[in-house]
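Below you'll find the structure, written out as structure tokens, and then a few comments.
Each value in this text was obtained by applying a stated rule to the coordinates, not by laboratory testing. Note that the coordinates shown come from a computational prediction; the quantities given were computed from them, not determined experimentally. Every residue, glycine among them, receives a Cβ derived from its backbone with ideal geometry; neighbour counts consider all protein chains shown.
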Amino acid sequence: MKKNFLIYGANGYTGELITRFAVERGMKPILAGRNEAAITELAAKHGLKHQVFALDEREKVDAALQEVEMVLHCAGPFSITSRSMVGACLRNRKHYTDITGEISVFEECAAANGRAYEAGIMIMPGVGFDVVPSDCLALHLKNRLPSATYLTLAFYGMGRISHGTQATMTMNVGRGGAIRKDGVITTVPAAWKTREIDFGYGVSSPHVSKGSISERVVKTGVTIPWGDVSTAYYSTGIPNIEVYTVAPPSAVKMMKLSRYLGWLLAAGPIQKLLQNKIPAGGPTDEERAKGKTLLWGEARDAEGNHVETRQQGPEGYTTTALTALNVTEKILNGNFTPGFQTPAKAYGANLILEIEGVSRQDAD
């Protein structure tokens with residue numbers, strides 16, 4: 001049987017994009033999800049096989065996994081869905097990947113390291129924009145300064161976010177922020193810190209002639225509980241980690257307000273109201289083509305040594321589809337390490353440079 005993979009949650013915004021990119025590469029994934037009409041329609045559109053099942057239908061899940069070598073799990077919120085699929089992959093000895101950015105998911109997957117190793121499979125959450133670009137940047141900085149004890153990462157995504165991403169963010173409102181301090185993930189208030197981030201001159205777009213320099217991008221970043229608070233520690237061993245993103249002032253105000261009203265915003269009736277207000281879909285192809293992602297990172301050690309690096313790449317959802325399929329191809333070709341792995345730990349700091357349109361510059 002030819003090696004193949006299952007995309008679960010293929011009918012979601014990102015799942016559909018990954019499916020389309022996979023078909024363009026000549027891949028023939030099996031599509032799966034619980035929405036029979038949507039999965040059937042998507043599979044027919046691309047001439048692919050499909051399966052319909054919910055994650056609590058154990059027999060159907062196991063039967064579907066017997067047809068493939070690995071799962072690319074795209075059905076969020078992953079803090080709700082990943083445990084069942086990871087368990088199924090462990091039972092059936094199939095590799096697990098997903099596109100999460102949720103710290104709790106990374107930590108649960110890390111806790112399954114021993115079982116994954118015994119099963120001979122690799123568990124690698126976060127094979128999309130969460131967290132391949134930033135994970136590779138983190139390891140690059142560690143390689144430049146092996147004595148580093150402090151790591152700061154920041155990203156600026158210039159583009160619209162999807163319904164699924166907004167739904168996950170809304171579900172987590174009121175839970176505060178997180179950093180890693182002395183090796184331990186530590187809860188901090190939402191929008192705990194802000195700082196100016198110099199992302200450099202960005203990247204040339206299709207509308208800019210080759211070699212041209214765009215306007216310098218300096219933005220205010222705010223701390224968020226991004227996946228690297230978990231994963232960068234496993235990739236680098238650096239014990240103190242903070243992650244920043246660029247958010248509009250109104251969003252920062254709302255984050256700070258959630259410190260006091262988080263309990264109300266997390267309540268069932270309010271959550272239902274907020275979730276119903278989230279627009280469907282995500283960015284169009286044109287919007288994705290125009291979008292960019294800028295990253296910045298800094299590593300410091302106890303003696304005051306310091307290194308700084310900037311990185312640029314395609315829009316976030318485009319990056320997710322490209323990196324997820326790049327990792328998938330590696331696994332299907334037998335290039336994997338059993339146990340829990342992060343992208344950079346398994347494939348090196350230059351994994352992200354395999355993606356067209358990505359560049360990196362050491363700033364110091």
Within a Cβ distance under 14 Å of A346, other residues only, what is the Lys/Arg minus Asp/Glu net charge?
-> -1
In vacuo Debye sum over C-alpha of the chain, base-10 log of normalised intensity I(q)/I(0) at q = 0.11, 0.13, 0.14 Å⁻¹, listed in q order, is -0.74, -1.06, -1.23
With the calculation restricted to Cα positions, what are the radius of gyration and Dmax of the stretch 295-364 in angstrom?
-> 14.6, 44
Which of these, V217, V246, V307, has the largest mean-square fluctuation under a Gaussian network model of the chain (Cα springs below 10 Å)?
-> V217
Taking other Cβ within 10 Å of each residue's Cβ, how do D301, D285, D135 sort, fewest first?
-> D285, D301, D135
Karplus-derived HN-Hα couplings along the stretch 226-238 (A = 6.51, B = -1.76, C = 1.60, θ = phi - 60°), whole Hz, x at Gly and Pro = 6, x, 5, 4, 8, 5, 4, 5, 5, 7, 10, x, 5
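May I have the convex hull volume per residue, in Å³, for the Cα set of the stretch 37-120? List each step's numbers first, then the result.
Working: hull volume 8.1 nm³, N = 84.
Cα convex hull per residue, to the nearest whole number: 96 Å³.
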Say a site is exposed when it is one of the GluC sites (Glu not before Pro), sits in a DSSP loop, and has at most 12 other Cβ atoms within 10 Å; what is then the longest site-free stretch of the chain?
-> 1-214
Flagged links, alpha-carbon separation over 31 Å, of K94/K181; K181/K219; K3/K181; K45/K290 | K94/K181; K3/K181
With a 10 Å Cβ neighbour count serving as the proxy for reagent exposure, in which order, fewest first, do I80, I331, I197 appear?
-> I80, I331, I197
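Multiply the residue separation of M254 and K60 by 0.36 nm, subtract the distance between their alpha-carbon atoms, and state the gained length in nm to one decimal.
Values: separation 194, 0.36 × 194 = 69.84 nm, distance 4.24 nm.
Difference between extended and current length: 65.6 nm.
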Put in order of increasing Cβ neighbours within 10 Å, starting from the fewest, V68, V52, V188 give V188, V52, V68
Find how much the distance from R20 to N4 grows on full extension, using 0.36 nm per residue of separation minus their present alpha carbon separation; answer in nm with one decimal.
-> 4.2 nm
Spacing of the two label points (7 Å from each Cα toward its C-beta) at H306 and T337, in nm | 3.1 nm
Taking 0.36 nm per residue of separation between D198 and D285 and subtracting their Cα-Cα distance, the length gained on full extension comes to 28.5 nm
Degrees separating the helix 78-92 axis from the principal Cα axis of the chain, which is the longest one | 50 degrees
